[in-house]
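Below: the structure, in structure tokens.
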Amino acid sequence: MLFQTLDKLKRQSVLAAVLLAAVGVIMLICPDDYMNALIVASGYVMIIFALVKILDFIAGKKALIHYIVFTGAIVVAVFGVIILIYSEDLLKALGWLFGFVLAQDGIFTFLNALIFARRSGRRGWWVMIVLSAVLLSLGALIFINPFWGTPDILMKIIGGALLFSSVISALRLIWIWPFKNEEEGESDAA
């Protein structure tokens with residue numbers, strides 16, 4: 001049961017690391033002329049992603065985590081619609097969306113550090129707690145959006161934060177996978 005959960009977590013972490021890195025790089029290298037097209041495209045992608053998650057919820061099992069994912073999908077869909085409707089005030093909506101994504105990833109990393117990394121037997125598992133606090137802080141800072149006013153600067157900050165989040169997702173793989181104890185291996189062989 002534990003290894004099935006860890007395998008699922010491993011797949012999710014790899015997918016999250018690749019997606020966050022790709023979005024972060026796109027946000028960092030996107031020219032100013034294409035910024036509006038990128039933002040509108042992200043609104044459509046968020047709505048499609050939310051619809052897929054909602055349909056998965058309707059067709060799948062109904063455990064607590066599925067209700068949480070369903071709620072998150074509704075929030076993402078609402079943000080996607082807000083981005084499409086209020087393209088003039090897009091800077092605030094974009095800050096809220098990516099602040100929410102980074103805060104959610106920080107909470108996910110914190111829970112994985114407490115549940116899996118602590119049990120893995122690796123030294124320095126507490127580093128994941130520190131990194132999750134940094135992610136939560138970045139998410140809150142982007143959500144509040146206190147000091148940057150141009151879309152270009154905000155996109156660069158969000159892109160850098162997403163790249164940082166992808167590195168943390170990759171590091172999560174290292175710290176959550178348990179060691180094989182030599183004593184357990186010998187007792188299983190006997």
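Structure summary
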{"quantity": "Options 118, 123; residue that is within 21 Å of residue 176 (Cβ to Cβ) and exposed (fewer than 12 other Cβ atoms within 10 Å of the Cβ)", "calculated": "123"}
{"quantity": "Flag if residue 175 is at pLDDT below 75, assigned to a helix (DSSP H, G or I), out of contact with any Asp or Glu (no Cβ under 8 Å at 6 or more places or on another chain) and buried (at least 16 other Cβ atoms within 10 Å of the Cβ)", "calculated": "yes"}
{"quantity": "Segment 48-74, residues that are open to solvent by 50 Å² or more (accessible area, probe 1.4 Å) and of a type in the set (A, V, I, L, M)", "calculated": "48, 51, 52, 55, 58, 59, 64, 65, 68, 69, 74"}
{"quantity": "Test: residue 151 is modelled with pLDDT under 70 and more than 16 Å from residue 108 (Cα to Cα)", "calculated": "no"}
{"quantity": "Residues within segment 77-100 that are without any contact (Cβ under 8 Å) to a residue 60 or more places away in the chain and open to solvent by 20 Å² or more (accessible area, probe 1.4 Å), tallied", "calculated": "14"}
{"quantity": "Filter result for the condition that a residue is β-branched (Val, Ile, Thr), part of a helix (DSSP H, G or I) and closer than 26 Å to residue 92 by Cα, over 129, 168", "calculated": "168"}
{"quantity": "Cβ-Cβ under 9 Å pairs, at least 6 apart or on other chains, segment 5-24 side within 14 Å of residue 112 (Cα to Cα) and open to solvent by 60 Å² or more (accessible area, probe 1.4 Å), far side aromatic (Phe, Trp, Tyr) and modelled with pLDDT under 75", "calculated": "10/177"}
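The values are calculated or read from the model by the stated rules, or taken from the named source; none is laboratory data. If you're wondering where the values come from, they're calculated on a predicted model, not measured in any experiment. Note: ideal-geometry Cβ built from the backbone for every residue, glycine included; neighbour counts use all protein chains shown. Please note that ligands, DNA and RNA were not included when accessible areas were found on the heavy atoms of the full protein model with its side chains. Shrake-Rupley method; radii C 1.70, N 1.55, O 1.52, S 1.80 Å.
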